[in-house]
Every structure is written in structure tokens, then in C-alpha cells.
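A short worksheet on the structure shown next.
The values are calculated or read from the model by the stated rules, or taken from the named source; none is laboratory data. As the structure is a prediction and not an experimental result, all values here were calculated from the model. Using ideal geometry, Cβ is built from the backbone for each residue, glycine included, and neighbour counts are taken over all protein chains shown.
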Amino acid sequence: MRVAALAPEGPGAGRGGREGRLGSAATPPAELRAALALRLRGRGEEIEQALLSRAYAVSDPTLVRDPAYATGLRAAVAAALAYGVAALEVGSERPAPVPVELLAQARHAARDGVSLDTVLRRYLAGHTLLGDFILKEAVAMKLPSAHLAQVLRSEAAILDHLIAAVAAEYRSEVETRSRSLHRRRAEYVEKLLAGELSDAPELNYDLDSWHIAAIVEGAGGEETMRELATTLDRRLLLAPHGEDTLWAWLGGTREVTPAEMEKLAASSWPSQTRAAVGEPGQGLAGWRLTHRQAAAALPVALRGPAPHVRYGDVALIAAMLQDEVLLASLQELYLAPLAQERDGGQTLRETLRAYLSTERNVSSAAAMLGVSRQTVNNRLHAVEERLGRPLGDCASEIEAILRLDELEGG
């Protein structure tokens, strides 16, 4: 709404006329408000220019890349002034709907990166300035103090209503754009992983660098990944995948060190999340491979008590879960023979776990189990007889199938 819409109409318009003689406590409040609104409309162009100057003083809108933003600000100022004066005249406890120009400018600000703080500071500055004009006109028309207090309370309520509506519109636009950006990024990442694209300007991420991929399921994963990116001084690429799954990459110009991988492993993952981490890789091929490694390790992470697993530590288990023939074969070769024992093979499996976890040290395994070295040796010989082969020839396969058996609950 432009200044013309604020211009006084009819006889007695302006600061002269009948409204100048309404400074009596006996005058009905509605007439007093109408007279005050008429006087403000008579100075509409002057007030609007003052409001624009104050808005520019808060932050120069011409610095925003989109020139339409400054144009929209002028329209918003005019609409806000008209809205405030009209609300003052009506004096209703229920404010009218916020003008569409103000909501549109709030969305425009969110799209152009103008902070919500700047937007709200303009409203506060404008409210203060309009209050000064109201006071001057109220004094000129000898408005009783009780009525002036009501007017000022009404203007304060209008400001609260405007700020609430504008802030909600701004945040809604930010959230909508964020969801849209996440969706576009996720689609682009999927295409890139599938080999459809070779350039990714929208990702703001260097695909030629060194990468570590992670796949996180559950709440709190994004915050953890951001903390890790800061700790390791790496750029972060996030791509939501479904409702509760997050694909992530940590990238940097230098190779990932073992110490950094230790920091990643020792990070504090939320208890409600499960994360699988790939191995470091370089370039686009490494970016794809580390993600595939994380994807392969994820089923292991989902089965175990640890909040996160690294592919290099569970590669064989991950391969078993992806290969039904391999899994069934290893179970038949190394678990089924032990199950023929009276206790279903529980004692032999526990002995094997202790023996393998202590780097095949019989004395350490015996101490762990609380039995003698001879007992451990006897049990290991029994295992070899059941399997029909030396443990040294198949220790890695046995360790992997035992770990998976433990994850599966036996």
C-alpha cells in the first residue's frame, strides 16, 4: 500500500479541522483514535520516508545481491505503516491479518541471506519512530493521558503480532529451503555415486581430496559429524537418505592419519545412533569406495552393541553378511562341527574367542578363562579334531564367524 492510501479524505482533513478540538476526556475513545489516525495519515509521506531512512540505517538493503529485495522493503514499509495506523484507529484486541507484503518480504529476506535479527531490528526501530510521531500528534491534539496510554499499548500489541508472524514466516522459509537443499544434494550425491556425473559444483565439497565416509542411523548423527569435522579440521558433506539415515563424508587436502582415525573411533556417538565408517580414500574413486565400505559395514554396526564400527575392523564379517553362500559355508565348516559337543559347543567357542582375542596366547587365554594352560590346550586339540584341520590354517575365518555368531546372539 503506497502513501496515497494514507492520505486524509473528506472535509477537515489534515492537522486542522474538527479533530484538533477533540482533546477532551468526555470525547468517546473511538473518535479520539480516529482523529489521531487522521492526523498520522496527513503526515503519511513524511512518516514513510522517515521509516525507510531508519530501515536503511539498520542495514543497507542495496547491499543484498537481489535488487528486488530493496524494492520489496519499500513496499513492506508502506504496508506496515498503513497496517499500524489502521489498527490504531480500530483499537481492536484482535489484530487484523498481517499484510501479504510483510510476509513476502520476510520470505525474501530468508532467501537472500538477510538475518532474522536484521529483520526484527527494523521492526523495532520502526515501532520506536512511529511512537515518536504518535506522541507528537497526541500532544498537538491534547489527547488525554489515559487514552494515549491505551493507544501506546495497542501499538505495542500490534508490534508483538507483527514480529511473531514475520519471524514464523522467515523460519518457515528457511526450513523449506533447507529441506529443498537437502533433497537436491541427496539426489545429486546418489547420481554421483552411480557414476552419472563427474562434476559437483552444488555440493561445495572438493571431490579430488582425501575422504572418509560414514553412514549414521538414528537421531543426533548430524551434530556428531559436525563436531568430528571441526575436530579433524575437515570439510563436511551431508546427504540425508530416508527418514533416519545420514550419509556423510569428511574431506581434506591431506591424507588421513592413523591418529585421526583413532580420534574418529574414540568420538562420543549418541547412544541412540549406529554408525559405520569406511576407510580413507582419495579422489572421486576413493569417495565412492569409502562410502561403499561404510554401507557394507552398516549391517554389522546395527547388530552390535558398539555405537560405531570401522570397515577395516569388520571387513570379513561384512562380506559374510552380503554373501549368503560364504556365510552358510563358514557356519557349516566352523560352527556346525563344534555344535556336536554336549553343551552345543559353547565351551569350545568361548575357548576359541579367548585364544584368538589374546593373539593366540595359551597362557593369556587360560588366565582369561580361569582354567589351566593344559585345559586350554586340550580344548584347542578338540577343536582341531572336530574341524579336521589345524587352527593356524583357518584362524581368521573362525574369528570372523565367531564374532558374527556373537553379534547374532549365538
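Taking the stretch 378-410 as the region of interest, how many residues are more than 18 Å from Gly345 (Cβ to Cβ) and in a helix (DSSP H, G or I)?
Residues flagged as more than 18 Å from Gly345 (Cβ to Cβ) and in a helix (DSSP H, G or I) within the stretch 378-410 amount to 3.
Within the stretch 341-371, the residues that satisfy the criterion of being among the basic types (Lys, Arg) and either part of a helix (DSSP H, G or I) or in contact (Cβ under 8 Å) with a residue 60 or more places away in the chain (or both) are Arg349, Arg353. Counting only helices (runs of 4 or more DSSP H) wholly contained in the stretch 257-340, the ones carrying 2 or more residues that are in contact (Cβ under 8 Å) with a residue 60 or more places away in the chain and basic (Lys, Arg) occupy 283-303.
Close contacts from the stretch 130-152, counting a first residue that is of a type in the set (Phe, Trp, Tyr) and at pLDDT 90 or above and a second that is part of a helix (DSSP H, G or I) and surrounded by 15 or more Cβ atoms within 10 Å (Cβ to Cβ), with Cβ to Cβ under 7 Å and a gap of 6+ residues or different chains, come to Phe133/Leu40; Phe133/Ile47. Restricting attention to the stretch 6-28 and to residues that are assigned to a helix (DSSP H, G or I) and not hydrophobic (A, V, I, L, M, F, W, C), the residue that is modelled with the highest pLDDT turns out to be Arg21.
Condition check ((1) of a type in the set (Val, Ile, Thr); (2) farther than 12 Å from Tyr334 by Cβ; (3) not assigned by TED's automatic domain parsing to the domain that holds Pro305) across all residues:
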| site | (1), (2), (3) |
| --- | --- |
| Ser357 | no, yes, yes |
| Val362 | yes, yes, yes |
| Ala365 | no, yes, yes |
| Arg373 | no, yes, yes |
| Glu384 | no, no, yes |
| Gly388 | no, no, yes |
| Cys394 | no, no, yes |
| Glu399 | no, no, yes |
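In summary, Asp160 fulfils each of the numbered conditions (1) among the acidic types (Asp, Glu); (2) modelled with pLDDT under 90; (3) assigned by TED's automatic domain parsing to the domain that holds Val58 with the single exception of condition (2).
Taking the criterion of being farther than 11 Å from Ile317 by Cβ and either buried (at least 19 other Cβ atoms within 10 Å of the Cβ) or of a type in the set (D, E, K, R) (or both), the only residue of the stretch 398-410 that qualifies is Ile398.
Going by the structure shown, is Tyr205 of a type outside the set (A, V, I, L, M), at pLDDT below 90 and in contact with a Gly (Cβ under 8 Å, 6 or more places away or on another chain)?
Details: of a type outside the set (A, V, I, L, M): yes; at pLDDT below 90: yes; in contact with a Gly (Cβ under 8 Å, 6 or more places away or on another chain): yes.
Spelling it out, Tyr205 is indeed of a type outside the set (A, V, I, L, M), at pLDDT below 90 and in contact with a Gly (Cβ under 8 Å, 6 or more places away or on another chain).
For Val85, the conditions (1) at pLDDT below 85; (2) over 29 Å from Glu175 (Cα atoms) are fulfilled apart from (1). Within the stretch 23-47, residues that are within 14 Å of Gly84 (Cα to Cα) and among the small types (Gly, Ala, Ser) sit with their Cβ atoms under 9 Å from residues that are surrounded by fewer than 20 Cβ atoms within 10 Å (Cβ to Cβ) and at pLDDT 90 or above, at 6+ positions apart or across chains, in these pairs: Ala37/Ala86. Looking across the stretch 112-166, the residues that are exposed (fewer than 15 other Cβ atoms within 10 Å of the Cβ) and acidic (Asp, Glu) come down to Asp112, Asp117, Asp132, Asp160. Entry remark, the stretch 53-73: residues being in contact with a Leu (Cβ under 9 Å, 6 or more places away or on another chain) and either surrounded by 20 or more Cβ atoms within 10 Å (Cβ to Cβ) or under 13 Å from Val85 (Cα atoms) (or both) number 3 in total.
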